[in-house]
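The values are calculated or read from the model by the stated rules, or taken from the named source; none is laboratory data. Nothing here was measured: the structure is a model prediction, and the numbers come from that model. Positions of Cβ are backbone-derived with ideal geometry, glycine not excepted, and every protein chain shown enters the neighbour counts. Side chains are part of the model used for accessible areas, which takes the heavy atoms of the whole protein and leaves out ligands, DNA and RNA. Shrake-Rupley method; radii C 1.70, N 1.55, O 1.52, S 1.80 Å.
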Amino acid sequence: MTTLDDRLVALRTLHAAGADRIPSALATETAELLERATQRRERSPGSTVVGVFGATGSGKSSLVNALVGTEVARTHVRRPTTSEALAVTWDAEAAVDLLDWIDVRDRVVRAEPLDPRARQLVLLDLPDFDSVESTNRAEAERLAAQVDALIWVVDPQKYADEVLHAQFITPHARHAEVTLIVLNQVDTLAAADVPKVVASLREIVKRDGIAKATVLPVSARTGAGVDKLRSAIGDLAAAKGARDARLAADIAALADRMPQPGSARRPDSRAISSLIEEVGVAAGVDVVARAVGASYRKRSAQATGWPIVSWIARLRADPLTRLGLGAARTGTTRRVGKKGRSTPDPALHRTSLPPRSAAARAKASLAVRSFADTAATGLTEQWRGGLRTTAEGALATLPDALDLAIARTQLPARGSWWWAIFAIVQWAAILTGLVGIGWLLAAAFFPRFGLPAPEIPQVEGWGVPTLLIAGAVLVGILLGLLGGLLAAITGASRRRRARRRLLGSVGDVVRESVVEPLAADLDRARDFAAALKVATS
Ligand SMILES: Nc1nc2c(ncn2[C@@H]2O[C@H](COP(=O)(O)OP(=O)(O)OP(=O)(O)O)[C@@H](O)[C@H]2O)c(=O)[nH]1
Ligand SMILES: [Mg+2]
């Protein structure tokens, strides 16, 4: 069983989740209804306000008099007669608050209740709703929204009136539980015609949307049927549920007019991963990862290459530094620059990644938009539009956030332990080579200066100094080749690791600024749909 409290909670959800997804007029009505429900529930919980509505001359005032049993309301042949609402109460104290709130000034207090169960009844005689006086109509409409139960009074001439049915009864189709339809002036019909007119009226009301309406034939003039009407009013007042039933019907009627959001599932992890991949590639993850590999290879060549020529490598700029992602910014240590300036804070610093090409930017935008569209599948147009707006909002902040995330990513930048060993061996080889050269030079030139030439031992017919030189050159070449191979292998693994880390950073940004806001939208749609179900049940 759905209680009024459940419905009010649902209505609050509809208001919050539906904001800018439902037409603004509906949003305003929702806020007004929430306010009205709160106001009504704070006042006279035991009272039941029953309003008597109808066209001018249908006999509303006469009927109120007949019900009360004395002339409390003015009736007249001149039209319209009643221009201000009149309240009849049987417990003046209990209803004061309520009557102040609904702003009915004209009040009479009676002693003898029209039904024993209706001591806390407030009966309202109202101006006509189809009046030539627009203030009458406004007053009737205002109170139709505020009373707890509605009595529609029609007469045999105008019971099929279009205005009454289309503009008043149909919008209150949800209010059947708190609605009585009274066919007045049955004394003007031949007795045999009464059931026919009642049946015809019931049929029309059915078409209005009220399947099981209570239609009571009465005559205010002769008093026929008035007792039955009194007891029907007594039923409404006795249950004391009219107030809640009315508010529940208001909520249901309003919810009936709200657009369905449809239903959609949250994007799965595969879709999220491929979005991150696409956005990451567009943001230059591969450019940076390749630079990490190239930087490693360059530094490795510097450290392990043939020392005589490896200084040439030193002249080339480090590929990472060229991107504004120098080793100092990416490693754990922060170096102080050559001129004593400290390296810029990565949080403030932008990478100098080549400005993303129009094509790359378009690709990232497309990826985000199509992710949002896929996520919105199953939602109705209004809600899809909402997700699209969210995606556009994310796209506005995404490039900067990605740049920052890339700048902040800790890239693998340390050297390798084997560089030192290679360097030592390289230098040892060079020294060995120099010894060989010195030896040969000594053998050639010492005799000229009258010095004894050093002896040159032979191994397998080769002079030892020559072998030393050849060995040094060979070791240099071999180390160069081996170092290059190791640097290529390690560089590739550094590149892959850097790519993984960069995609990790990109993933954090994409999750926070794209996936989560869209998921929140989907949750909103789901909450709205659930609330709609409760409100209309
Ligand atoms: N024959 C007959 N005449 C009725 C009956 N009820 C009301 N009348 C007459 O219809 C006329 C209008 O009655 P009111 O009670 O003033 O009608 P109303 O609906 O209050 O009209 P407004 O205040 O102008 O909206 C009066 O002349 C009544 O005497 C009825 O049951 N039978
Ligand atoms: Mg009247």
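List of remarks:
- Criterion: open to solvent by less than 20 Å² (accessible area, probe 1.4 Å), over 19 Å from Asp373 (Cα atoms) and free of Cβ contacts under 8 Å to residues at least 60 places away in the same chain - qualifying residue of Ala472, Ala498, Ala535, Ala531: Ala472
- Of all residues making up the range 198-235, the number that are more than 13 Å from Glu177 (Cα to Cα), open to solvent by 20 Å² or more (accessible area, probe 1.4 Å) and among the β-branched types (Val, Ile, Thr): 2
- The condition of being hydrophobic (A, V, I, L, M, F, W, C), modelled with pLDDT of 95 or more, out of contact with any strand residue (DSSP E or B) (no Cβ under 6 Å at 6 or more places or on another chain) and open to solvent by 20 Å² or more (accessible area, probe 1.4 Å) holds for only one of Ala238, Ala271, Ala249, that being Ala271.
- In the range 138-154, the residues that are open to solvent by 10 Å² or more (accessible area, probe 1.4 Å) form Cβ pairs under 8 Å with partners that are in a strand (DSSP E or B) and more than 14 Å from ligand 1 (Cβ to nearest atom), at six or more places apart or across chains, as follows: Gln146/Val49.
- Residue count for the range 57-104 under the criterion of being within 11 Å of ligand 2 (Cβ to nearest atom), over 14 Å from Val182 (Cβ atoms), within 51 Å of the chain's Cα centre (by Cα) and open to solvent by less than 30 Å² (accessible area, probe 1.4 Å): the result is 3.
- Residue within the range 16-37 that is open to solvent by 70 Å² or more (accessible area, probe 1.4 Å), over 20 Å from the mean Cα position of the chain (by Cα) and not hydroxyl-bearing (Ser, Thr, Tyr) present: yes
- Criterion violated by Val163 - all others in (1) buried (at least 18 other Cβ atoms within 10 Å of the Cβ); (2) away from ligand 2 (no atom under 16 Å from the Cβ) satisfied: (1)
- Counting only residues that are open to solvent by less than 40 Å² (accessible area, probe 1.4 Å) and assigned to a loop (DSSP other than H, G, I, E, B), the range 106-122 holds 4 of them.
- Test for Thr188: is it at pLDDT 95 or above and within 41 Å of the chain's Cα centre (by Cα): no
- Condition check for Ser416 on (1) polar (S, T, N, Q); (2) open to solvent by 50 Å² or more (accessible area, probe 1.4 Å); (3) over 28 Å from the mean Cα position of the chain (by Cα): one failure, at (2).
- Pairing each residue of the range 50-68 that is over 19 Å from Thr222 (Cβ atoms) with any residue that is open to solvent by less than 10 Å² (accessible area, probe 1.4 Å) and near ligand 2 (Cβ under 9 Å from one of its atoms), provided the two are 6+ apart or on different chains, yields C-beta distances under 9 Å for Gly51/Asp125; Gly51/Leu126; Phe53/Leu126; Phe53/Asp128; Ala55/Asp128; Thr56/Pro127; Thr56/Asp128.
- Test: residue in the range 35-49 that is within 16 Å of ligand 1 (Cβ to nearest atom), in a strand (DSSP E or B) and in contact with a strand residue (DSSP E or B) (Cβ under 6 Å, 6 or more places away or on another chain): no
- Answer from Leu478, Leu486, Leu502 - the residue that is hydrophobic (A, V, I, L, M, F, W, C), at pLDDT 95 or above, closer than 23 Å to Trp306 by Cα and assigned to a helix (DSSP H, G or I): Leu486
- Filter result for Ser493 (under 29 Å from Arg408 (Cβ atoms), open to solvent by 30 Å² or more (accessible area, probe 1.4 Å) and either polar (S, T, N, Q) or over 55 Å from the mean Cα position of the chain (by Cα) (or both)): yes
- Matching residues in the range 123-137 - criterion: being outside any loop (DSSP other than H, G, I, E, B) and either away from ligand 2 (no atom under 16 Å from the Cβ) or hydroxyl-bearing (Ser, Thr, Tyr) (or both): Ser134, Thr135
- Qualifying residue in the range 168-188 (condition: open to solvent by 60 Å² or more (accessible area, probe 1.4 Å), away from ligand 2 (no atom under 15 Å from the Cβ) and in contact with a Ser or Thr (Cβ under 6 Å, 6 or more places away or on another chain)): yes
- For the range 294-309, a tally of residues being of a type in the set (Val, Ile, Thr), surrounded by fewer than 21 Cβ atoms within 10 Å (Cβ to Cβ) and touching a residue at least 40 places away in the same chain (Cβ under 8 Å) returns 1.
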